[in-house]
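The values are calculated or read from the model by the stated rules, or taken from the named source; none is laboratory data. Treat the numbers as computed from the prediction; the structure is a model and nothing was measured. Using ideal geometry, Cβ is built from the backbone for each residue, glycine included, and neighbour counts are taken over all protein chains shown.
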Amino acid sequence: MSKTIPGNFFEDYHVGQRMIHATPRTVTVGDRTIYGALYPNRFALQSSDEFARACGLPASPLDNLAAFHVVFGKTVPDISLNAVANLGYGEGRLLTPVYPGDTLTAASEVIGLKQNSSGKTGVVWVRTTGENQRGETVIEYCRWVMVRKRDAGAPAPESVVPELAEAVDASELAIPEGLDFSRYDETLSGSPHFWDDYLPGEKIDHVDGCKLEDAEHMMATRLWQNTARVHFDPAARDGAPRLIYGGHIISMARALSFNGLGNAQLISGINGGAHVAPCVAGDTVYAWSEVLDKSETAVPSVGALRLRLVAVKNTPAGDMILRGEDGKYSPGVVLDFDYWALMPRR
Amino acid sequence: MSKTIPGNFFEDYHVGQRMIHATPRTVTVGDRTIYGALYPNRFALQSSDEFARACGLPASPLDNLAAFHVVFGKTVPDISLNAVANLGYGEGRLLTPVYPGDTLTAASEVIGLKQNSSGKTGVVWVRTTGENQRGETVIEYCRWVMVRKRDAGAPAPESVVPELAEAVDASELAIPEGLDFSRYDETLSGSPHFWDDYLPGEKIDHVDGCKLEDAEHMMATRLWQNTARVHFDPAARDGAPRLIYGGHIISMARALSFNGLGNAQLISGINGGAHVAPCVAGDTVYAWSEVLDKSETAVPSVGALRLRLVAVKNTPAGDMILRGEDGKYSPGVVLDFDYWALMPRR
Amino acid sequence: MSKTIPGNFFEDYHVGQRMIHATPRTVTVGDRTIYGALYPNRFALQSSDEFARACGLPASPLDNLAAFHVVFGKTVPDISLNAVANLGYGEGRLLTPVYPGDTLTAASEVIGLKQNSSGKTGVVWVRTTGENQRGETVIEYCRWVMVRKRDAGAPAPESVVPELAEAVDASELAIPEGLDFSRYDETLSGSPHFWDDYLPGEKIDHVDGCKLEDAEHMMATRLWQNTARVHFDPAARDGAPRLIYGGHIISMARALSFNGLGNAQLISGINGGAHVAPCVAGDTVYAWSEVLDKSETAVPSVGALRLRLVAVKNTPAGDMILRGEDGKYSPGVVLDFDYWALMPRR
């Protein structure tokens, strides 16, 4: 019997199946540092313990996306080792901040299955949760991936396509315990623009760009213990350049978005996300955002802004057109990420 | 109104203007680790808590240049986002060691302005201070940069050119509280050469060299939250290779200088610094030093050595000639950095 | 007198010579993080404080190979700065786990000398020990290197060739105090295969591969304060690509071996090791293992597995043939590493 990890194929899943994923991981201040070395992160809450304490938190939390990546990485051996494509995310909520010293574990439940007409692949929907060492859920999200069948002749399962919310309802966003922006220091945060200043429909070109390097995306992807071969081994891509983990692009774009959204301190919800096109080393990533919605929260000093974060490659954001008249994504778009951010209100 | 950070142009400054810079930053043991991964640092005081305690400090401090970079990085959005060139440094003093857990903030005051004859740019002099969470100044230094005007037609300000000391007087160097080299272990430090063994005029070829990589200088520059586009985005350089942050070269040269100056444990003063020529990935950096001066300090076991640290690229240090007969820097010189180091005395 | 470090030449050594190596180093959680960014490490004991505590340890220890590299790096200025080749390792034992906050120092004793027939080089055998700040030995191992003579005319020393054990006897392996796998969680560890499931002669193709990058191997090598010029300066290789530190390959192969040996949580002994061929950036490393032996230990829940870890480059492991009929290593083999791992027993 082979002792290597084969990963699951489409016919290995059934709706209701629960998986506890391997490799618990203690995050540390080292993770905060290396995250800041890999992405041009300047959100003050993730940079300064003092700033975080002035906002009512016990210390500077790990970047929400770092927490997402740690949890996501654990799911790869069970969910996407034999995946053809990562199709989307939804119903994501960041529930409890992660602090250095916390140990994260992850589990998933299969919530949907649908074989493709080719008979060679199928779509698997999972709901994944990440917990800390106290059993508190730190993140939950849905993901759907196209997974190969081991045997094309295996019978198709009954199709179950879950109905996912188009977006997390603002009333369901979790505000970290103690978070209070009423003494918010906008000089130290680096941006004078508060929640009140953003209006749905507004677009922001984040101006800055960053060329991607193999050493960097591989370091990031290993840090999250994501083992998909296409990120490391050219042979897994028939010699083509290594594919960059999509989460690397999300983190890069989110960090670039500081320039224009400097007070969007925390990600609270992940409404959707699509990796529209792949990136490889040598590509340069730019980003722009569109304000989709805004909402008050249960905490008077904290507002929620729903944002579409778009990453484009190799030419600056320019006209910020997401899709052409044919409904297809504009050339150069690599990421379409829809999330809720928490910002200070005046 | 655009929400991105435009940076200041020459006509936005006035003498006496004070700026508190954004993004306070808590430094951690992670910063110490990654600094040691990026630069071949072997100074024992920055490597070992035990060695530092034997020298009277509470723990191993963050490398002085790392503290400098953290503070410098914060000034970029306000001082040098629209800079043409970083012209020089002076009157720098490292006043209080920085330890893991400290949170640094930075502020600057404009101390000089002089429009260039072209009318398109001007020189801005600032004095920058970095503070820790207790309000102690950890570093202060002057810097002058050439900054673009937004509008070439804007009137020139009255010229104010500050008189900066040619060097920090040795009597003004701050010796970290408790520092005592009287039980110094030269076996563990890796060098038998004490302050007493160095004489003004002496030159040292540090022998070792290191080829520069894009992934490394970008990681360093992001770590310091330095956002200048030329370091990350080829489009900001019309497609030319990304420019390496000058501070990356200072840190690389300083680390290489261990080989010959292994007991120059701390930087206490920055007398001057010029980035003579740019570096890009693929360049190999070598370094040599010249002893410029030496002085006792208030602590009998601690001597101060004034050093010129010269980085050259792509050919080993060789004859260690700083300038040709025409007074111009020799080919290959990329950095001329004048500083005070603290060393053990016999 | 030159103040740079000349390193020792063959005639500088004598049997019985003891050297305390420079640059004590405090390891931190930052080291754990960066180790995980550089190598695709998924062994749960090195990833999670909670998992480590469930196995009877006070916290997640630093990866055994990271401890090895820290100690090894310290020996380079004294042992191998003028080395032609690193010939082998043996009699290695990992005696005490290293935890964040520990400070490591290293010392070596010359245990053998033999001049080569050319008269230009000789082989030096050393036994190296690494200690923590409490004076506990954390690692000991022998290494032999071919070192240049300064003066080919210098007389040859009396040949002393130490007799090294072919392998560490299983009874001499140190089991970390408190280690107990009786409540081992194989779901969290990511592998259902226990010590009982492996049989001598069994070979395992670890499937995964990773392409090597200059930025990564230099970061690793600097992290271990290994100063050998060939890793950083192309001029030290007459312009050829920088040579990758052999330890980088050991760590990469060991991390890749998770896929098939996911419960081989700790390295306890190093029986031998040969860097069969060099690697440079651009090479892709794959790994396979062969079970050489197995033994019970003094702790009923802990078994010892003797493994040969083989790294190959640029083509997947394939047929896992170590040597051809001529007794020579098969093409592509770059590392032959023989070690004892500690695993849970049923």
Within the range C:126-151, how many residues turn out to be away from chain B (no Cβ under 14 Å), assigned to a loop (DSSP other than H, G, I, E, B) and touching a strand residue (DSSP E or B) at 6+ places or on another chain (Cβ under 9 Å)? 1
Testing C:Leu243 on (1) over 20 Å from A:Thr4 (Cα atoms); (2) buried (at least 24 other Cβ atoms within 10 Å of the Cβ), one condition comes back false. Which one is that? (2)
Taking the range C:182-210 and keeping only residues that are touching a strand residue (DSSP E or B) at 6+ places or on another chain (Cβ under 7 Å), outside any loop (DSSP other than H, G, I, E, B) and crowded, with 21+ Cβ neighbours inside 10 Å, one is left with C:Trp195, C:Ile204, C:His206, C:Gly209, C:Cys210
Checklist (1) of a type in the set (Val, Ile, Thr); (2) surrounded by fewer than 19 Cβ atoms within 10 Å (Cβ to Cβ); (3) closer than 24 Å to A:Leu164 by Cα applied to A:Val280, failing item: (3)
What about C:Ser47, is it facing another protein chain (nearest Cβ under 10 Å) and surrounded by fewer than 24 Cβ atoms within 10 Å (Cβ to Cβ)? no
Regarding the range C:96-104, can at least one residue be identified that is within 11 Å of another protein chain (Cβ to nearest Cβ), within 30 Å of C:Asn8 (Cα to Cα) and in contact with a helix residue (DSSP H, G or I) (Cβ under 7 Å, 6 or more places away or on another chain)? yes
Selection within the range B:311-346 - closer than 17 Å to B:Ser251 by Cβ and touching an Asp or Glu at 6+ places or on another chain (Cβ under 6 Å): B:Lys313
In the range A:80-91, the residues that are over 16 Å from A:Thr221 (Cα atoms) and more than 14 Å from chain C (Cβ to nearest Cβ): A:Ala83, A:Val84, A:Ala85, A:Leu87, A:Gly88, A:Tyr89, A:Gly90, A:Glu91
In the range C:1-114, which helices (runs of 4 or more DSSP H) lie fully inside it and hold 2 or more residues that are modelled with pLDDT of 95 or more and under 29 Å from B:Ser189 (Cβ atoms)? C:29-38, C:64-79
Does A:Gly178 meet the test of being within 30 Å of B:Ala107 (Cβ to Cβ), of a type in the set (Gly, Ala, Ser) and not in a strand (DSSP E or B)? yes
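Okay, residues lined up against (1) out of contact with any Pro (no Cβ under 7 Å at 6 or more places or on another chain); (2) free of Cβ contacts under 8 Å to residues at least 40 places away in the same chain; (3) of a type in the set (A, V, I, L, M, F, W, C):
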{"site": "A:Leu65", "(1), (2), (3)": "yes, no, yes"}
{"site": "A:Val70", "(1), (2), (3)": "yes, no, yes"}
{"site": "A:Val76", "(1), (2), (3)": "yes, no, yes"}
{"site": "A:Gly92", "(1), (2), (3)": "yes, no, no"}
{"site": "A:Pro97", "(1), (2), (3)": "no, no, no"}
{"site": "A:Asp102", "(1), (2), (3)": "yes, no, no"}
{"site": "A:Trp125", "(1), (2), (3)": "no, yes, yes"}
Test of understanding: among A:Arg18, A:Arg42, A:Arg53, A:Arg32, which residue is charged (D, E, K, R), surrounded by fewer than 24 Cβ atoms within 10 Å (Cβ to Cβ) and within 27 Å of B:Gln133 (Cα to Cα)? A:Arg53
Close pairs (8 angstrom Cβ cut-off, 6 or more residues apart or separate chains): without any contact (Cβ under 8 Å) to a residue 12 or more places away in the chain and within 11 Å of another protein chain (Cβ to nearest Cβ) in the range B:182-203, of a type in the set (Lys, Arg) and assigned to a loop (DSSP other than H, G, I, E, B) anywhere: B:Asp197/C:Lys3
Condition (residue is touching a helix residue (DSSP H, G or I) at 6+ places or on another chain (Cβ under 9 Å), more than 21 Å from B:Phe51 (Cα to Cα) and surrounded by 20 or more Cβ atoms within 10 Å (Cβ to Cβ)) applied to the range C:113-121: is it met by at least one residue? yes
Taking the condition crowded, with 18+ Cβ neighbours inside 10 Å, in contact with a helix residue (DSSP H, G or I) (Cβ under 9 Å, 6 or more places away or on another chain) and not acidic (Asp, Glu), does B:Val285 pass? yes
Considering each residue of the range B:208-225, count those that are on the phi < 0 side of the Ramachandran plot and at the interface with chain A (Cβ under 10 Å from one of its Cβ atoms), and give that number. 11
Does C:Leu212 qualify as being over 24 Å from C:Arg127 (Cβ atoms), in contact (Cβ under 8 Å) with a residue 12 or more places away in the chain and within 15 Å of the chain's Cα centre (by Cα)? no
Helices (runs of 4 or more DSSP H) within the range A:213-326 that include 2 or more residues acidic (Asp, Glu): A:214-223
How many of the residues in the range C:1-38 are closer than 27 Å to B:Val207 by Cβ, in contact (Cβ under 8 Å) with a residue 40 or more places away in the chain, more than 7 Å from chain B (Cβ to nearest Cβ) and out of contact with any Lys or Arg (no Cβ under 8 Å at 6 or more places or on another chain)? 8
Kindly establish whether C:Leu335 is part of a strand (DSSP E or B), within 21 Å of C:Glu202 (Cβ to Cβ) and in contact with a helix residue (DSSP H, G or I) (Cβ under 6 Å, 6 or more places away or on another chain). yes
Members of the range A:152-163 that are part of a loop (DSSP other than H, G, I, E, B) and either out of contact with any Asp or Glu (no Cβ under 9 Å at 6 or more places or on another chain) or surrounded by 12 or more Cβ atoms within 10 Å (Cβ to Cβ) (or both): A:Ala152, A:Gly153, A:Ala154, A:Ala156, A:Pro157, A:Glu158, A:Ser159, A:Val161, A:Pro162, A:Glu163
Would you check which residues across the range A:239-273 are free of Cβ contacts under 8 Å to residues at least 60 places away in the same chain and among the polar types (S, T, N, Q) and list them? A:Ser257, A:Asn259
Out of all the residues in the range C:41-63, which are touching a residue at least 12 places away in the same chain (Cβ under 8 Å) and of a type in the set (Asp, Glu)? C:Asp63
Looking for whichever is modelled with pLDDT under 95, more than 9 Å from every other protein chain (Cβ to nearest Cβ), under 20 Å from the mean Cα position of the chain (by Cα) and closer than 20 Å to C:Val84 by Cβ here; the options are C:Ala277, C:Ala228. Which one fits? C:Ala228
Would you be able to tell me the number of residues in the range C:164-181 that are of a type in the set (A, V, I, L, M) and either at the interface with chain A (Cβ under 7 Å from one of its Cβ atoms) or loosely packed, with under 15 Cβ neighbours inside 10 Å (or both)? 1
For the range B:295-346, enumerate the residues that are within 30 Å of B:Gly178 (Cβ to Cβ), more than 20 Å from the chain's Cα centre (by Cα) and either basic (Lys, Arg) or surrounded by 13 or more Cβ atoms within 10 Å (Cβ to Cβ) (or both). B:Ser295, B:Glu296, B:Thr297, B:Val299, B:Ser301, B:Val302, B:Gly303, B:Pro344, B:Arg345, B:Arg346
